[in-house]
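Here is the structure we will look at, set down as structure tokens.
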Amino acid sequence: MTTHIPTLVSLRAFEAVARQKSFRKAADEICVTHAAVSHQIKALETSIGVKLLDRTSRSVELTAAGAQYYPSVREHIQGIVKATRRIQAPEEPDVLLIQSYASFNTMWLQPRLADFLQDYPDTRVRIISTFEDGNYDSHRFDVGVFNAPPFDPRFEYRPLFKTDIFPICAPEAFEEANSAASEKLLKNAMLLSVPSTWNEPDDWVSWLSAAGLKTKNMKFGAIFDNYPLVREAVLNNLGMSIARAPFCARDLERGRLVKPFDISIPEPGRWYLATQKQQRPNPKLDIFVDWLLEKVKADPTMRLFRHVASDR
């Protein structure tokens, strides 16, 4: 089956509308008329045969398919924009480029980064978020943190950490169960997920198996490209998801999310820190890596692990 690739113009229009949640604002941003944006969205949906947006007179919302499609479109559109800017202007000197997933950057690194910047005010960093395991040609970086097997021989991979996974839900969902968490709570919930980056069973399959529950009795909902997106869906009580302990710790502490089951299992994969093999000595990079390792060691939701030769 041949996949028809949509036009860049239509994808750009979709990305702007999905981000702005407005045809008018999207039209202003990309300097075209409201009608032109509407035409491009219609052309895109016709081209791929999938409805991406629900439109009313007052609002624009992503459909389930649109929510799944949007992160990848956004990343690649923004990648083109960033690549264009890089060739139009010289890169900033002495800036460390740190790349990881949106989940790691938003939910774990960002809350701690102020400490690093305060302790090392002369070290500037640029945080690059990705939804893939590393596109090194378009996102050049000095250090990356990835939840995937080592896959690029140009980079040195250090074992970083492993963690646990478990279901989370909104407090309202837990209260609606009217009792301690039970199998009934799971069967009545829409189970949301994020694709696995490892060649192992996905998070829900792994956790349900450990809990002695059958997947055929469950209702599986939308698949999101990243944890910040699925977190928003859970916060809005649209379903339950599997969370990695470091990324939901603050939400659990503040009562925004609930862990309805006592059962936690080791995540199917593990995390690596990647640095370029061929690079000049960089004391600031060494300082950042040492700081990162100390923060990981201090986090009770993370476990350092030793390198396994077969991972190479």
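The values are calculated or read from the model by the stated rules, or taken from the named source; none is laboratory data. Note that the structure is a prediction, hence the values are computed from the model and not measured. Note that we place each Cβ from the backbone using ideal geometry, even for glycine, and neighbour counts take in every protein chain shown.
If the condition is being surrounded by fewer than 21 Cβ atoms within 10 Å (Cβ to Cβ), touching a residue at least 12 places away in the same chain (Cβ under 8 Å) and β-branched (Val, Ile, Thr), then the range 4-17 contributes 7, 9.
Using the structure shown, decide if residue 236 is modelled with pLDDT of 90 or more and either over 14 Å from the mean Cα position of the chain (by Cα) or of a type in the set (Ser, Thr, Tyr) (or both).
yes
Criterion first (under 23 Å from residue 116 (Cα atoms) and assigned by TED's automatic domain parsing to the domain that holds residue 112) does residue 280 satisfy it? Judged against the criteria, residue 280 is a match.
Once the range 250-285 is narrowed to residues that are over 20 Å from residue 100 (Cβ atoms) and among the basic types (Lys, Arg), the residue that is surrounded by the fewest Cβ atoms within 10 Å (Cβ to Cβ) is 280. Looking across 130, 123, one residue alone is at pLDDT below 90, β-branched (Val, Ile, Thr) and either assigned by TED's automatic domain parsing to the domain that holds residue 238 or under 18 Å from the mean Cα position of the chain (by Cα) (or both). It is 130.
Looking across the range 220-271, just one residue is part of a helix (DSSP H, G or I), among the β-branched types (Val, Ile, Thr) and either farther than 16 Å from residue 71 by Cβ or in contact with a His (Cβ under 7 Å, 6 or more places away or on another chain) (or both), and that is 234.
Count, please, the residues in the range 26-55 that happen to be among the β-branched types (Val, Ile, Thr) and part of a helix (DSSP H, G or I).
Step one: filter the range 26-55 for residues among the β-branched types (Val, Ile, Thr), giving 30, 32-33, 37, 41, 46, 48, 50.
Applying the additional criterion that residues be part of a helix (DSSP H, G or I) yields 30, 37, 41, 46, 48.
The total comes to 5.
Of the numbered criteria (1) in contact with an Asp or Glu (Cβ under 8 Å, 6 or more places away or on another chain); (2) of a type in the set (D, E, K, R); (3) surrounded by fewer than 13 Cβ atoms within 10 Å (Cβ to Cβ), the one residue 203 fails is (3).
Filtered by the rule that a residue be out of contact with any helix residue (DSSP H, G or I) (no Cβ under 8 Å at 6 or more places or on another chain) and modelled with pLDDT of 85 or more, the range 133-146 gives 144, 146.
Quick check: is even one residue across the range 18-25 in the same structural domain as residue 68 (by TED's automatic domain parsing), in a loop (DSSP other than H, G, I, E, B), surrounded by fewer than 16 Cβ atoms within 10 Å (Cβ to Cβ) and within 25 Å of the chain's Cα centre (by Cα)?
Going through the range 18-25, the residues in the same structural domain as residue 68 (by TED's automatic domain parsing) turn out to be 18-25.
Filter once more, so that each one left must be in a loop (DSSP other than H, G, I, E, B): 21-22.
Narrowing further to those that are surrounded by fewer than 16 Cβ atoms within 10 Å (Cβ to Cβ): 21.
Checking the rest, the ones that are also within 25 Å of the chain's Cα centre (by Cα) come to 21.
Checked the range 18-25: at least one residue is in the same structural domain as residue 68 (by TED's automatic domain parsing), in a loop (DSSP other than H, G, I, E, B), surrounded by fewer than 16 Cβ atoms within 10 Å (Cβ to Cβ) and within 25 Å of the chain's Cα centre (by Cα).
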